[in-house]
1. Given the conditions (1) surrounded by 14 or more Cβ atoms within 10 Å (Cβ to Cβ); (2) in contact (Cβ under 8 Å) with a residue 60 or more places away in the chain; (3) out of contact with any strand residue (DSSP E or B) (no Cβ under 6 Å at 6 or more places or on another chain), and given that PRO27 satisfies all but one, which numbered condition is not satisfied?
2. With respect to ASP83, is the statement that it is acidic (Asp, Glu) and touching a Phe, Trp or Tyr at 6+ places or on another chain (Cβ under 9 Å) true?
3. Looking at (1) part of a strand (DSSP E or B); (2) open to solvent by less than 80 Å² (accessible area, probe 1.4 Å); (3) touching a residue at least 60 places away in the same chain (Cβ under 8 Å); (4) in contact with a Ser or Thr (Cβ under 8 Å, 6 or more places away or on another chain), find the lone condition where ARG10 falls short.
4. Listed residues GLY39, GLY29; which is outside any strand (DSSP E or B), at positive phi, over 12 Å from the mean Cα position of the chain (by Cα) and not polar (S, T, N, Q)?
5. Among the candidates ASP83, ASP76, which residue alone is touching a residue at least 60 places away in the same chain (Cβ under 8 Å), closer than 30 Å to GLY29 by Cβ, part of a strand (DSSP E or B) and open to solvent by 50 Å² or more (accessible area, probe 1.4 Å)?
Amino acid sequence: GFADAVIGIRIANILTNAITINVWVVPTGTANLRYIAKGLSIPPASSVELVQGGAKFVINPGDVLNGNASEGTAADVITSVVDKISTIPS
């Protein structure tokens, strides 16, 4: 398989009140959450970039990137990924 790199996660609050967001990865084969952001408050009509300054993180085949907000339709999310950055040895 191949590993991918997440190089950007931008979350925009589209409401007129503050929201709280959580973003996490569940690595394949586990039920353990790895939080990228937990309980992060985003002011009204604002956005946050969770991966900044050339940073990145690797996700492996089967890893799942999840997120939620304090209100169901509170945020727009854009995720940037570089596909197949490396081969995972068998």
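The values are calculated or read from the model by the stated rules, or taken from the named source; none is laboratory data. All values reported here derive from a predicted model rather than from experimental measurement. We place every Cβ from the backbone using ideal geometry, glycine too, and count neighbours over all the protein chains shown. Surface areas here come from the heavy atoms of the whole protein model, side chains and all, with no ligands, DNA or RNA. Shrake-Rupley method; radii C 1.70, N 1.55, O 1.52, S 1.80 Å.
1. The number of the failed condition is (2).
2. yes
3. (2)
4. Of GLY39, GLY29, the one residue that is outside any strand (DSSP E or B), at positive phi, over 12 Å from the mean Cα position of the chain (by Cα) and not polar (S, T, N, Q) is GLY29.
5. ASP83
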